[in-house]
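Here is the structure we will look at, set down as structure tokens.
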Amino acid sequence: MGRANPIPVVYMLINRVNKKIYIGETYNFAGRMSSYKSVMKKHSKYINRPIDKAIVEYGFDAFDIKILASKETHPDIEDEIYRCQLESEFIRAYDSMNPDIGYNSLLDDIHIRHYHRKSIKHKPFTKLIKSTPILVYDFDDNSVIM
């Protein structure tokens, strides 16, 4: 179930103590849950995300995990863009950016998007599109710019 066989999902963490929620997405569910458990080992001054602070405060065992979307319910979930769109829909539906309800935040959302752009694995067709040069004709000096 680890890296050799990743499971892409959109998930919800529910704090049993205060009932606040966090919605996230991942390509590797087991790896992501493991990273949450390791948050408690980090030095607290490096923990900035609300969900990480809550895990440090309450412990990971204080959270229930609910799968909101998986391959069974959403066959396209392996596609990162689709998964991120699903995550955003669930965040809006559950209002988890409201600090009284959840731990999601705009800063967290931007951090996740930046992180995934660095590790994205494109499908062959996407690689072809990204690698095809775009040529622009400059009428002023009759040249082609790439």
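The values are calculated or read from the model by the stated rules, or taken from the named source; none is laboratory data. Small disclaimer: the values here were computed from a predicted structure and weren't measured. All Cβ positions, glycine included, derive from the backbone under ideal geometry; neighbour counts span all protein chains shown. For accessibility, only protein heavy atoms count, side chains too; no ligands or nucleic acids. Shrake-Rupley method; radii C 1.70, N 1.55, O 1.52, S 1.80 Å.
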Considering only strands (runs of 3 or more DSSP E) fully contained in the stretch 42-146, which possess at least 2 residues that are modelled with pLDDT of 95 or more and closer than 21 Å to Ala30 by Cα? 63-69
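Give the stretch 71-88 a look and list any residue that's open to solvent by 20 Å² or more (accessible area, probe 1.4 Å) and not basic (Lys, Arg), or say none. Step through it out loud before you land on a result.
Narrowing the stretch 71-88 to residues open to solvent by 20 Å² or more (accessible area, probe 1.4 Å): 71-76, 78-82, 85, 88.
Correct list: Glu72, Thr73, His74, Pro75, Asp76, Glu78, Asp79, Glu80, Ile81, Tyr82, Gln85, Ser88.
Give the residue, chosen from Lys41, Lys53, Lys20, that is crowded, with 16+ Cβ neighbours inside 10 Å, more than 17 Å from the chain's Cα centre (by Cα) and among the basic types (Lys, Arg).
Numbers: Lys41 fails: crowded, with 16+ Cβ neighbours inside 10 Å; Lys53 fails: crowded, with 16+ Cβ neighbours inside 10 Å.
Among Lys41, Lys53, Lys20, only Lys20 is crowded, with 16+ Cβ neighbours inside 10 Å, more than 17 Å from the chain's Cα centre (by Cα) and among the basic types (Lys, Arg).
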